[in-house]
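Engineer: The structure under discussion is supplied below as structure tokens; questions concerning it will follow.
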């Protein structure tokens, strides 16, 4: 059985509840990261099932390749997913690599909401 990438979104939601006061920002950053990776891997897995294979300059950045594939699809639903993935990815990069500004609970909560919405949009692509 393969891993269910939506479990990362569920984990992000669980972390929101269980966060320790002394390390709350670490929890917030982890939530943002897991929310992004949950939907990214859902979309990546779906595209692979359709025969997607990154080429050229995007072969080295699978994240950008997935987003570009969706943006260039001509399908408005896929373009919306691409836009939301790009937003989630930008927050994830900030959470993983930037010291400031502080990552707050409201930022983390918004990323969970957006990730759940994107996951639903991805499921609607399945015939």
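No lab work stands behind these numbers, since they all come straight from the coordinates. For clarity, every value in this text was computed on a predicted model and none was experimentally measured. FYI the Cβ positions are ideal-geometry reconstructions off the backbone, even for glycines, and counts take in every protein chain you see.
Engineer: Compute the helix-to-body angle for 76-97: its Cα long axis versus the longest principal axis of the chain, expressed 0 to 90° and rounded to tens.
Structural biologist: The answer is roughly 40 degrees.
Engineer: If you line up the long axis of helix 6-18 against the longest principal axis of the chain, both from Cα atoms, how many degrees apart are they, to the nearest 10?
Structural biologist: 10 degrees
Engineer: According to the square roots a ≥ b ≥ c of the eigenvalues of the Cα gyration tensor, what is the shape class of region 71-121, taking rounded for a/c under 1.5, prolate for a/b larger than b/c otherwise, and oblate for the remainder?
Structural biologist: oblate
Engineer: In addition: Based on the mean of other beta carbon atoms within 10 Å per residue, what is the order of 29-42, 95-108, most packed first?
Structural biologist: Descending mean neighbour count gives 29-42, 95-108.
Engineer: Okay, moving on. Need one word for region 1-67: rounded, prolate or oblate. Basis is the Cα gyration tensor (sqrt eigenvalues a ≥ b ≥ c); a/c below 1.5 gives rounded, then a/b vs b/c decides. Before the final figure, lay out the partial values.
Structural biologist: Details: a/c = 4.72, a/b = 2.04, b/c = 2.31.
The shape class here is oblate.
Engineer: If I compute Cα extents along the principal axes in Å from the structure I just sent, which labelled value in (1) 70, 41, 30; (2) 46, 30, 28; (3) 85, 34, 21 lines up?
Structural biologist: (2)
Engineer: Helix-derived [θ] at 222 nm for the chain: sum -39500 (n - 2.57) over DSSP H runs of at least 4, divide by residue count, nearest 500? Present the calculation step by step, with values, prior to reporting the outcome.
Structural biologist: Numbers: 5 runs with 92 residues, N = 127.
The helix-only estimate for the chain comes to -24500 deg cm²/dmol at 222 nm.
Engineer: Related question: Relative to the longest principal axis of the C-alpha atoms of the chain, give the angle of the C-alpha long axis of helix 24-49, reported between 0 and 90° and rounded to the nearest 10°.
Structural biologist: 10 degrees
Engineer: So between residue 52 and residue 87, what do we pick up on full extension, going 0.36 nm a residue minus the alpha carbon distance?
Structural biologist: Roughly 10.4 nm would be gained on extension.
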